[in-house]
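The structure under discussion appears below in the form of structure tokens.
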Amino acid sequence: MSDPDAFRAELRAWLEANCPPEMQQPVRDEDDVCWGGRNFKFKNPAQKAWLEVCVAKGYTVPDWPVAYGGAGMTPAEAKIWREEMQRIGARPPLSSFGIWMLGPALLKFGTEEQKVHYLGQVARGEIRWCQGYSEPGSGSDLVSLQTFGEDKGDHWVVNGQKIWTSYADKADWIFCLVRTDKANKYQGISFLLFDMASPGVSTKPILLISGNSPFCETFFDNVSVPKDQIVGELNRGWDVAKYLLGHEREMISGAGGGDRMNTIGAILSRNAGVEDPLLRAELAMFDVDALAYGAMGEKFLDEVKVGKGHPAGSNMMKYAGTELNKRRHELVMAAGGTASLEWDSAASNGGGRARGWLRTKANSIEGGTSEVMLNVIAKRILDLPGA
Amino acid sequence: MPLYHNDDQAMLADSARGFMADEGAIARQLRHFRDIQCKDGFGHALWGQFAEMGFTGILVPEADGGLGMGHVEAGIVLEEIGRNLTPSPFLTSSVMAATALSAGGDELRGRYLPGLLDGSSVYAVAIDEGPKHRPERIKTRAERAGNGFKLSGTKAFVVQGASADMLVVAARTAGNDEDDAGITLFAVPRDASGLSLDSVRLVDSAMAAHVKLDNVQLDADAVIGEVDGGREVLNRMLSAGRIGAAAESVGVGMGAFDMTTTYLKQRKQFGKLIGEFQSLQHRAAHLYSELEIARAVVIKAQQLLDGGSDKADLMVSVAKAKAGQAAGLAVKEGVQMHGGIGMTDEYDIGLYMKRDRALAEFMGDQYYHAQRVAVLSGY
Ligand SMILES: Cc1cc2nc3c(=O)[nH]c(=O)nc-3n(C[C@H](O)[C@H](O)[C@H](O)COP(=O)(O)OP(=O)(O)OC[C@H]3O[C@@H](n4cnc5c(N)ncnc54)[C@H](O)[C@@H]3O)c2cc1C
């Protein structure tokens, strides 16, 4: 980076000229998020315009190379970009599993052709991806997965079932773990990409305690997948899967910013009036932890970008960040009292608080449970025996 | 600024780590001076070595012969002090008193800084007046008398007070006990008449004094900074002490944690290493996470303080609270996971627990600082 101040000034001016005011409002519900994809319906023209100007500059994925749809920013530049976005409260122009999960995996394991093709689609918001990892019998013990891809020369025929597939009913493509060698547990899994519109793919939404259905059961019945749609080597998909999980955990941890690090004491006291001194004390202790975790997130990213820090660090971030977020929502509920209980009234924004609280309970389950994160820390970071 | 040490800081950390692990080791310093019932609770020879290493002048401006570094660097030394439980006047003299003195005039700095830099002098700070940290309330009075002041009052928990050549005393020259304004800082020589100290040994084998000021007569040149305008300097000194104590806490926590994970890999029960038990693994992993977070917010607050940010005050309190929590957890889990041996005097883990307890109270515990976070956040 030539001159950080000049770079910052340039971004600031660009944001001022190009980020619509509506896109500087906090995200209130799911359809405020721009997911992209073939079937995506923009909520308003501002959301569409914001995506388009960012795509043109590579700002949907600022630190990806220009050749793959990014802006080629250095780590230091990308940090300035995040800071400037946060300064004006700008919404991300595009959110997607393609950006957070598949992208980093393809950047590391993909062929040049795959990078240009798939990463470009992700960067432009053209294709929305879902993640086919978990199966009914394989959750924490993911490596026991059974979905099978039979070798038919120039293609595989995939049969099996996935579960908890987030947005499977809305996604265009899936990145999927498929067993291609039944004799080999770890080295018998391949990382395949295929179109959800392929014959034989079907999905069935699952209703959650929050009343929403963000994920599905996903069935594969003789789905044909061409051989060039594999990432990495045959039977070495577990390496790709684990690498991707590291990024997924980082994403769920909220290390990149957003509301995970915000304090809540001041807002809740203002809105709800916290008269109970013990609740106020809990809020203060929470704010201490939230601000401290914010510093941890910043340090984590600073270190990741220069290759410092432990390679398994995202597991610690995921554990701490999700447990913190659950605590946040417990306190939001407590401070709100009976007003937090409303489920579908307009005043409660359709039960936003209660549904949000219930949704956070999944944070310490999705992407690897808290218990599994602690197992990984014990084994890979602390090097404890038998872990 | 990225939240990790730059090359110069990493070099300082290397040399501080080696020095403290060797010269400042528990057997050589803490246990030695404890067992001989030393009246100071620390070794003057080591303090001289601190000076030779340049540590004593880290926060002293270059113009005054110091290194002109910041709280990140002071914190590097303090983390190693914490890890080795090294008793020394570093935190009170080189961090807190040095911060106060830098607000003093030429004459005062000329009188006190050379002795600090060369390790021949020790300074203490006398702020709190009761058993809990409450610097908002200062009752000790300084009345104008002759060409100077007469000080009367009591001070509690003056660490190494009886070993000090000079005490930085916060006294009230105007207003009521709880007023923000009307505070003046004084450099009170140890031999001033009317000053009496009752030295007591603390749980961590450090010595602290209950201080009585009975019409202590001082010349006007004992004033550090402005008469009635001492609160600002006092706050700077408090921030320095708080973030310094937080850094030392992180060191204490890390030291206890390292001992504990080492033990988990050695001790066998039920035919297994105890580190194989998942209940212990999970607690160790949780503790690791807490300590990492504490360390991150400590460096964040150090950088904000060094950069003069208006967020520094808030983050210093966050850091002191979080470091206190994390180190507290580390020593408690440390003793528990050692089983019976953790309760013995011969084994070092209990020494970490004692030091942590004293550090937690020093310059405000986690409850004081969480409360301050709430107030600074507007609720
Ligand atoms: C909202 C949400 C979205 C999701 N999205 C996706 C998705 O898009 N794609 C996808 O593939 N999957 C997704 N998942 C699935 C998720 O990854 C799994 O739920 C998770 O890995 C846990 O597996 P499980 O549900 O089978 O629980 P189990 O593995 O059966 O765990 C049950 C309990 O046992 C504990 N446990 C298990 N093993 C151990 C052990 N070794 N030591 C200690 N405790 C243990 C767990 O911590 C947990 O408390 C999603 C889940 C949720 C909740």
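The values are calculated or read from the model by the stated rules, or taken from the named source; none is laboratory data. What you are looking at is a predicted structure, and each value in this text was computed from that prediction instead of being measured. With ideal geometry, Cβ positions are generated from the backbone for all residues, glycine too; neighbour counts draw on all protein chains shown. SASA here: full protein model, heavy atoms, side chains in, ligands and nucleic acids out. Shrake-Rupley method; radii C 1.70, N 1.55, O 1.52, S 1.80 Å.
Here's the yes/no breakdown for (1) away from the ligand (no atom under 13 Å from the Cβ); (2) in contact (Cβ under 8 Å) with a residue 60 or more places away in the chain:
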site	(1), (2)
A:Glu282	yes, no
A:Gly297	yes, no
A:Lys305	yes, yes
A:Met316	yes, yes
A:Ala320	yes, yes
A:Ser345	yes, no
A:Glu371	no, yes
A:Asp383	yes, no
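Figure legend. Inter-residue proximity from the stretch B:36-49: first residues within 13 Å of B:Gly119 (Cα to Cα) and open to solvent by less than 90 Å² (accessible area, probe 1.4 Å), second residues among the charged types (D, E, K, R) and in a loop (DSSP other than H, G, I, E, B), beta-carbon distance below 9 Å, spacing 6+ or different chains. Indicated pairs: B:Gly43/B:Arg28; B:Leu46/B:Glu23; B:Leu46/B:Arg28; B:Gly48/B:Asp118; B:Gln49/B:Glu23.
Summed over the stretch B:331-379, residues that are free of Cβ contacts under 8 Å to residues at least 24 places away in the same chain, away from chain A (no Cβ under 13 Å) and closer than 21 Å to B:Glu290 by Cα total 4. The residues of the stretch B:1-16 that are part of a helix (DSSP H, G or I) and surrounded by fewer than 17 Cβ atoms within 10 Å (Cβ to Cβ), listed by number, are B:Asp7, B:Asp8, B:Ala10, B:Met11, B:Asp14, B:Ser15.
If you check A:Leu177 against the conditions, is it among the hydrophobic types (A, V, I, L, M, F, W, C), within 12 Å of the ligand (Cβ to nearest atom), more than 14 Å from every other protein chain (Cβ to nearest Cβ) and in contact (Cβ under 8 Å) with a residue 24 or more places away in the chain? Judged against the criteria, A:Leu177 is a match.
Among all positions in the stretch A:241-248, there is at least one residue which is over 30 Å from B:Lys322 (Cα atoms) and open to solvent by 10 Å² or more (accessible area, probe 1.4 Å). The condition of being surrounded by fewer than 23 Cβ atoms within 10 Å (Cβ to Cβ), more than 10 Å from the ligand (Cβ to nearest atom), assigned to a loop (DSSP other than H, G, I, E, B) and outside the structural domain of A:Trp64 (by TED's automatic domain parsing) does not hold for A:Pro205.
Kindly indicate whether A:Gly125 is open to solvent by less than 40 Å² (accessible area, probe 1.4 Å), in a loop (DSSP other than H, G, I, E, B) and either away from the ligand (no atom under 15 Å from the Cβ) or within 14 Å of another protein chain (Cβ to nearest Cβ) (or both). So A:Gly125 passes the test. Answer with yes or no whether B:Val168 is touching a Phe, Trp or Tyr at 6+ places or on another chain (Cβ under 7 Å) and either in a strand (DSSP E or B) or open to solvent by 30 Å² or more (accessible area, probe 1.4 Å) (or both). Yes. The helices (runs of 4 or more DSSP H) found entirely in the stretch A:251-370 that carry 3 or more residues being open to solvent by 50 Å² or more (accessible area, probe 1.4 Å) and more than 21 Å from B:His286 (Cα to Cα) are A:265-272, A:277-305, A:352-360. Pairs linking a residue in the stretch A:100-115 that is in contact (Cβ under 8 Å) with a residue 24 or more places away in the chain to a residue that is of a type in the set (Gly, Ala, Ser), with Cβ atoms under 8 Å and 6 or more positions apart or on different chains, are A:Phe109/A:Gly232; A:Lys115/A:Ala67. Considering the stretch B:261-286, the residues that are β-branched (Val, Ile, Thr) and at the interface with another protein chain (Cβ under 10 Å from one of its Cβ atoms) include one that is farthest from B:Val331 (Cα to Cα), namely B:Ile274. A single member of A:Leu107, A:Leu102, A:Leu51, A:Leu119 is of a type in the set (A, V, I, L, M), within 16 Å of the ligand (Cβ to nearest atom) and more than 14 Å from chain B (Cβ to nearest Cβ), and it is A:Leu102. If a residue must be touching a residue at least 24 places away in the same chain (Cβ under 8 Å), over 26 Å from the mean Cα position of the chain (by Cα) and away from the ligand (no atom under 16 Å from the Cβ), how many such residues does the stretch B:273-311 contain? Adding up the residues that qualify gives 1. Of all the residues in the stretch A:128-156, those that are over 21 Å from A:Glu30 (Cβ atoms) and open to solvent by 20 Å² or more (accessible area, probe 1.4 Å) number 15.
Tally time: how many residues in the stretch B:95-116 are open to solvent by less than 40 Å² (accessible area, probe 1.4 Å) and not in a loop (DSSP other than H, G, I, E, B)? Matching residues across the stretch B:95-116 total 12.
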